[in-house]
1. FRET efficiency for Lys86 and Lys114, Cβ-Cβ distance as r, R0 = 35 Å, nearest 0.05?
2. Once you put a point 7 Å from the Cα of Lys31 and another 7 Å from the Cα of Asn65, both along the Cβ direction, what distance in nm separates them?
3. In whole percent, how big is the carbon plus sulfur part of the accessible area of region 1-105, probe 1.4 Å, protein atoms only?
4. Lys/Arg Cβ at +1, Asp/Glu Cβ at -1, dipole of the chain taken about the Cα centre: which of Cys23, Ile64, Tyr95 is farthest positive-ward?
5. Round to the nearest 0.05 the FRET efficiency obtained for Ala57 and Tyr79 when R0 = 35 Å and r is the Cβ-Cβ distance.
6. What percent do you get for the relative contact order of region 16-120 when only Cα pairs under 8 Å and 6+ apart count?
7. Kindly provide the helix-only [θ] at 222 nm of the chain, computed as the sum of -39,500 (n - 2.57) over DSSP H runs of four or more divided by all residues, to the nearest 500 deg cm²/dmol?
Amino acid sequence: MKRKEDNIIGQKTVDFALRIIGCYKYLVNEKKEFVMSKQILRSGTSIGANVREGLFAQSHPDFINKMGIALKEAEETDYWLYLLIKSEFIDEKTYDSMQKDVIEIVRILMAIIKSARENK
């Protein structure tokens, strides 16, 4: 069965959301951190949810808007990752790996938005 995640941004955001869920579980269960963990869970899983919504957009401007929201959520997730490393809740290896993923998602979303705006 073909799924909407069978495109590069769909798959990357699903994979990233699963990593975020794992990070959330670690932060709550091992580190007993409940504030930033909830924030990163919300923003990190919202990226893919907005991408998915964009794939079912009602119009071209709606598609661009949903991709823009996904981009904002990705940037917010990067912020929470930064706070987690600076407050020593995650190690450098985890931070580097997850930040690399979120930066790649940001770049792809920026390219999608740029292309969509040019191809009105």
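1. 0.65
2. 3.5 nm
3. Taking all protein chains in place, region 1-105 shows 55 percent carbon and sulfur surface.
4. Result: Ile64, furthest along the dipole toward the positive end.
5. 0.85
6. 26 percent
7. Helix-only estimate at 222 nm: -28000 deg cm²/dmol.
The values are calculated or read from the model by the stated rules, or taken from the named source; none is laboratory data. Not measured: the values here are computed from a predicted model. Counting neighbours? That spans all protein chains shown, and the Cβs are built from the backbone with ideal geometry, glycine included. In case anyone asks, the SASA skips ligands and DNA or RNA and just uses the protein heavy atoms, side chains included. Shrake-Rupley method; radii C 1.70, N 1.55, O 1.52, S 1.80 Å.
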